[in-house]
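Please treat every number below as a calculation from the coordinates, not as lab data. A quick note: this is a predicted structure, and the numbers were derived from the prediction, not measured. Neighbour counts run over all protein chains shown; Cβ positions are idealised from the backbone, glycine included.
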Amino acid sequence: MSENRPAEPATACPGGRTAKIRRAVLDATEGTLVTAGFHTLNMDQIAANAGVGQTTIHRRRGSPVQLATDLPRDMAERSLPSADTGSLAGDLQANADLVHDSLTDLRIGALSRAAITAAACHSVCAGTPRGFYRTRPAECTPVVTRLVDHGKLRPDIDAL
């Protein structure tokens, strides 16, 4: 394995030691980004806040830039699923409320600024915001499919 390239993340059972370390490191990264921004990311501080050794982070993620890339991906995986209220108007309103709440949340705003800064400063992170924001439309597809299946939307909705 090349010295300059981080190893692939270890695989383990969900909730195992690897998952707990990953969660602690991502939480520490998130805390740093929220309080101080992207340019302050530093492996010493993240390792100390996560309660792990620096070598553990380097072995799994390699650099603060990689952590800044992994965090939005993790946030997208943990994001709330699209609403299923049983009506098109209800689903649209619930999802609009979720977007509004996210956009006005100070913590999420700080993380969004950090992700955009990372994307602007490092080519490794360039596609990160795009990947994060691609998640929400993918989660809405089942809502539309469900409404079509129940006759509440026309099957040719994409053609409208």
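On the beta carbon distance between Arg78 and Lys152, with R0 = 35 Å, the FRET formula returns roughly 0.75.
Across region 17-159, C-alpha contacts under 8 Å between residues 6 or more apart give a mean separation that, scaled by the residue count, equals a relative contact order of 26 percent. Working note: Karplus 6.51/-1.76/1.60 with θ = phi - 60° gives region 111-121 the couplings 5, 5, 4, 5, 5, 5, 4, 4, 5, 6, 8 Hz, where Gly and Pro are set to x.
The H on the amide N of Ala83, modeled in the peptide plane, is under 5 Å from the matching H of Asn95, each at least 5 residues off or on a different chain.
Working from label points 7 Å from Cα in the Cα-to-Cβ sense, the Leu106 to Asn42 distance is 2.5 nm. Arranged from fewest to most other beta-carbon atoms within 10 Å of their beta carbon, Glu77, Glu139 become Glu77, Glu139. For region 18-78, a simple Cβ point-charge model (Lys and Arg +1, Asp and Glu -1, everything else neutral) yields a dipole of about 240 debye relative to the Cα centre.
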